[in-house]
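The values are calculated or read from the model by the stated rules, or taken from the named source; none is laboratory data. Worth saying up front: this structure is predicted, and the values here are computed from it rather than measured. A quick note on method: Cβ atoms are made from the backbone with ideal geometry, for glycine too, and the neighbour counts reach across all protein chains shown. Just the protein is used for accessible areas: all its heavy atoms, side chains included, with ligands, DNA and RNA removed. Shrake-Rupley method; radii C 1.70, N 1.55, O 1.52, S 1.80 Å.
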Amino acid sequence: MRSGTGWRTVLGMVVALAMSGCGGGGGDDGDGIVTTPPTASPVPVPTATASPTTPSTGNWWRPVATTTWQWQLSGTVDTRYAVDAYDIDLFDTPAATIAQLHLSKRRVICYFSAGSSENWRSDDGKFVASDRGSALDGWVGERWLSVTSATVRAVMQDRLDLARSKGCDAVEPDNVDGYANRNGLGITAAQQLDYNRFLAREAHARGLAIGLKNDLDQVAALEGVFDFAVNEQCHEFDECGKLKPFVSAAKSVFVAEYKADYRNNSGGARDRLCAASRAAGLHTLVLAEALDNSFRFACDVEG
């Protein structure tokens with residue numbers, strides 16, 4: 001989550017209304033590769049529930065510096081892209097889709113929010129009132145979660161179990177930077193670091209890779225326990241340099257950009273974006289903010 005509009009806002013509005021009553025664009029190529037639809041073919045922290053799994057030996061899949069990706073969190077997943085990894089929604093994606101991607105030799109990263117409650121999720125009722133903080137600005141139906149709550153940690157363990165049972169190779173926990181936002185819970189940077197490390201340990205205990213989502217100010221402290229990074233809009237906001245620890249460690253950095261100038265390649269904006277992305281060792285996509293596969297431009301050579 002980065003800005004105040006996007007796929008989760010749309011979904012939250014749909015759910016709220018109900019309760020009350022990657023194929024995509026073409027365009028000018030330039031230096032950016034336009035992907036068109038393929039033809040079918042020190043703060044005390046409560047102790048969380050002990051992991052029900054046997055600790056992993058460390059042999060989980062890890063993205064490497066050359067790993068290409070597709071990111072789609074809403075709509076029926078288009079499985080036809082010639083990329084190495086798909087990042088898709090943990091709850092909404094059927095296990096059969098994950099199996100289909102595996103048959104096509106694609107790895108699967110499963111998205112879920114680890115730092116916010118979402119009132120449309122099937123397990124949202126497990127959180128208690130004291131777990132929930134302020135509403136997320138611009139995100140309908142979401143509130144920040146306490147990172148020190150044993151209940152919250154137990155729910156996240158269950159979500160990681162779900163990821164493993166559905167066949168995910170990795171996870172992308174979102175909203176892991178509550179300390180840097182108006183969260184209403186008094187979350188500190190130290191508490192956030194402890195929570196993010198907890199997520200990494202629990203993912204690895206289940207044989208899952210884990211990506212650090214945004215949280216740029218803690219990259220240096222967390223790179224060692226995370227396997228890759230996912231970032232939104234670091235080019236637009238001139239923040240990509242903060243991701244250098246991952247690049248230097250030969251770990252994948254997956255970036256999504258939403259700016260209209262990048263989509264339209266206005267004045268060669270996407271050409272410059274892709275040149276900068278490749279020079280920095282990043283894997284950048286230009287996508288619809290709804291992450292619905294309505295259009296897609298890839299800076300990588302794919303296939």
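Some points to look at:
- The residue pairs whose first member lies in the range 181-196 and is acidic (Asp, Glu), whose second member is at pLDDT 95 or above, and whose beta carbons are closer than 6 Å, counting only pairs six or more residues apart or on different chains, do not exist in this structure.
- Residue-level analysis places Ala260 among those that are under 22 Å from Gln72 (Cα atoms), among the aliphatic types (A, V, I, L, M) and open to solvent by 40 Å² or more (accessible area, probe 1.4 Å).
- Yes/no for Asp227 being open to solvent by 10 Å² or more (accessible area, probe 1.4 Å) and of a type in the set (Asp, Glu): yes
- Looking only at the range 270-299, and only at residues there that are open to solvent by 10 Å² or more (accessible area, probe 1.4 Å) and of a type in the set (D, E, K, R), the one that is nearest to Thr66 (Cα to Cα): Arg278
- For Gly241, the conditions (1) closer than 20 Å to Gln218 by Cβ; (2) open to solvent by less than 10 Å² (accessible area, probe 1.4 Å) all hold with the exception of (2).
- Residue match in the range 24-32 (condition: open to solvent by 50 Å² or more (accessible area, probe 1.4 Å) and modelled with pLDDT of 95 or more): no
- Residue within the range 99-110 that is β-branched (Val, Ile, Thr) and more than 17 Å from the chain's Cα centre (by Cα) present: no
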